[in-house]
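The values are calculated or read from the model by the stated rules, or taken from the named source; none is laboratory data. Keep in mind it's a predicted model, so treat the numbers as computed, not measured. Here the Cβ positions follow ideal geometry from the backbone for every residue, glycine too, while neighbour counts run over all protein chains shown.
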């Protein structure tokens, strides 16, 4: 039981790390929560501070989900769950929760997309590859990361259905898709109103 608690705590603290908040503060002296959408994710960091902040933040956010899924889960005894896959799923979701509600940022955070991608890479890499392709196409056409994230999330259960014969992975893909779409509900409202921000390519958004 202590191993389980340790894995959960470490996964949460890993997910709660706020590179977007800390790097923005270090480079600009500003609080990212007061800039743009106020979201502590890579997209808002990129929009307001440029790719030199947004790119490393995105890589760290993605890595948090992967490390929690692939490594933290190994702290849980092999026979604790009927299937070791459950340990990976648990630690990955705890990391996503930590990213969205960070103890280091007064329980504010990002939308969890990249951290969820890290979880998915640890569980179903082929499906992630398909969704990344969908994301790239959607962002290239609209220049809105939110559109790419929403469409990519909706594509996930479809990709899992065709690529894997696993009810657990299918269920997880549906839950993550719903979670990502839900966290983008304000973006959906702005998209429908024509007010959603478009990401600049290779330069800071003034």
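Consider residue 58 carefully, then state whether it is at pLDDT 90 or above and surrounded by 19 or more Cβ atoms within 10 Å (Cβ to Cβ). Considered against the rule, which asks whether it is at pLDDT 90 or above and surrounded by 19 or more Cβ atoms within 10 Å (Cβ to Cβ), residue 58 comes out as yes.
Of all residues in region 98-123, those being within 11 Å of the chain's Cα centre (by Cα), at pLDDT 90 or above and over 16 Å from residue 39 (Cβ atoms) number 2. When the criteria are applied in full, residue 82 meets the requirement of being out of contact with any helix residue (DSSP H, G or I) (no Cβ under 9 Å at 6 or more places or on another chain) and either part of a loop (DSSP other than H, G, I, E, B) or at pLDDT 95 or above (or both). Please verify whether residue 134 is under 24 Å from residue 191 (Cβ atoms) and without any contact (Cβ under 8 Å) to a residue 40 or more places away in the chain, treating the condition exactly as stated. Criteria met by residue 134. Figure legend. Inter-residue proximity from region 106-129: first residues on the phi < 0 side of the Ramachandran plot and assigned to a helix (DSSP H, G or I), second residues surrounded by fewer than 20 Cβ atoms within 10 Å (Cβ to Cβ) and modelled with pLDDT under 90, beta-carbon distance below 7 Å, spacing 6+ or different chains. Indicated pairs: 122/70.
Right, residue 48: out of contact with any strand residue (DSSP E or B) (no Cβ under 6 Å at 6 or more places or on another chain), modelled with pLDDT under 95 and closer than 24 Å to residue 120 by Cβ or not? The answer is no for residue 48. Residues that are in contact with a helix residue (DSSP H, G or I) (Cβ under 6 Å, 6 or more places away or on another chain), in contact (Cβ under 8 Å) with a residue 60 or more places away in the chain, crowded, with 24+ Cβ neighbours inside 10 Å and assigned to a helix (DSSP H, G or I) are absent from region 27-39. Only a single item in (1) outside any helix (DSSP H, G or I); (2) free of Cβ contacts under 8 Å to residues at least 40 places away in the same chain is not met by residue 155, and it is number (1). Taken over region 40-79, the criterion of being in a loop (DSSP other than H, G, I, E, B) and either more than 16 Å from residue 117 (Cβ to Cβ) or free of Cβ contacts under 8 Å to residues at least 60 places away in the same chain (or both) is satisfied by 40, 50, 71, 76, 77, 78, 79.
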